1. What tally of residues in region 67-81 results from selecting those that are within 22 Å of residue 41 (Cα to Cα) and assigned to a helix (DSSP H, G or I)?
2. Given the criterion within 17 Å of residue 216 (Cα to Cα), within 12 Å of the ligand (Cβ to nearest atom) and either buried (at least 22 other Cβ atoms within 10 Å of the Cβ) or at pLDDT 95 or above (or both), identify the matching residue among 165, 197, 150.
3. Of the residues 222, 194, only one is assigned to a helix (DSSP H, G or I) and touching a strand residue (DSSP E or B) at 6+ places or on another chain (Cβ under 6 Å); which?
4. For region 169-191, how many residues are within 12 Å of the ligand (Cβ to nearest atom) and outside any loop (DSSP other than H, G, I, E, B)?
5. Given (1) surrounded by fewer than 16 Cβ atoms within 10 Å (Cβ to Cβ); (2) at negative phi, identify the lone condition not met by residue 61.
6. Which residue pairs have Cβ atoms under 9 Å apart, sit 6 or more places apart or on different chains, and have a first residue in region 149-169 that is under 12 Å from residue 193 (Cβ atoms) and in contact (Cβ under 8 Å) with a residue 60 or more places away in the chain and a second that is within 12 Å of the ligand (Cβ to nearest atom) and assigned to a strand (DSSP E or B)?
7. Could we say that residue 209 is assigned to a helix (DSSP H, G or I) and touching a helix residue (DSSP H, G or I) at 6+ places or on another chain (Cβ under 7 Å) here?
8. Looking for something modelled with pLDDT under 95, in the same structural domain as residue 203 (by TED's automatic domain parsing) and touching a strand residue (DSSP E or B) at 6+ places or on another chain (Cβ under 9 Å) - is there at least one such residue anywhere in region 86-99?
Ligand SMILES: [Zn+2]
């Protein structure tokens, strides 16, 4: 290991002893790293804010015996609006958890970093957090090569139009209604979901706030992407379950 200077977003933290933390930080230059933030919980510590999840900073990291040691940090953005509201903070934490689950230690991926940072700025800008999350899921899956195949039936190649389609996480795509019995693991959705997912895939961030997603399409996208991600990771994400809990309490 060597000393590094990197742009990083803190994904998670673990409290250690009375005053320290271990942070997991996703850096643009060196990928995901674990680092000790010594004394970061002491009042007035210069590392306090920078070692909080959902913070984007310029970091100086010294190589230690087992871990990096965070020596200096200059906060670039702490996303105050995301932190201000429970639904947006829940979605913000979900984006972090998604990246933490999908990327391996010390595997740099500047596209994933830029996409995460962009999604956090989108959330910070006050866009519907659910749409920001779907947007980021699609970008992340696409960058990492896990994109679900939703345009054409995997069996017959037909592009379904106005029907119910079956999405199979194990197959990573859809089967149309003409192709017989749906796969055992499949989740049903309206064929139009493909249009919405494709639109989100190519959307420029400033355009997101003008895009309209009917309630049914939101539900279909959420279900398909949730099941697809769960299959890829082989587990559900805690923050996704927390979002469900909040949705239950805040639904109108
Ligand atoms: Zn078919």
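1. The total comes to 1.
2. Selected residue: 165, the only one of 165, 197, 150 that is within 17 Å of residue 216 (Cα to Cα), within 12 Å of the ligand (Cβ to nearest atom) and either buried (at least 22 other Cβ atoms within 10 Å of the Cβ) or at pLDDT 95 or above (or both).
3. Result of the check over 222, 194: 194.
4. The number of residues fulfilling the criteria is 6.
5. All conditions are met except number (1).
6. So the pair list comes out as 150/165; 150/173; 150/174; 167/173; 167/174; 167/175.
7. Criteria not met by residue 209.
8. Checking region 86-99: not a single residue is modelled with pLDDT under 95, in the same structural domain as residue 203 (by TED's automatic domain parsing) and touching a strand residue (DSSP E or B) at 6+ places or on another chain (Cβ under 9 Å).
The values are calculated or read from the model by the stated rules, or taken from the named source; none is laboratory data. If you're wondering where the values come from, they're calculated on a predicted model, not measured in any experiment. Cβ: placed from backbone, ideal geometry, glycine included. Neighbour counts: every protein chain shown.
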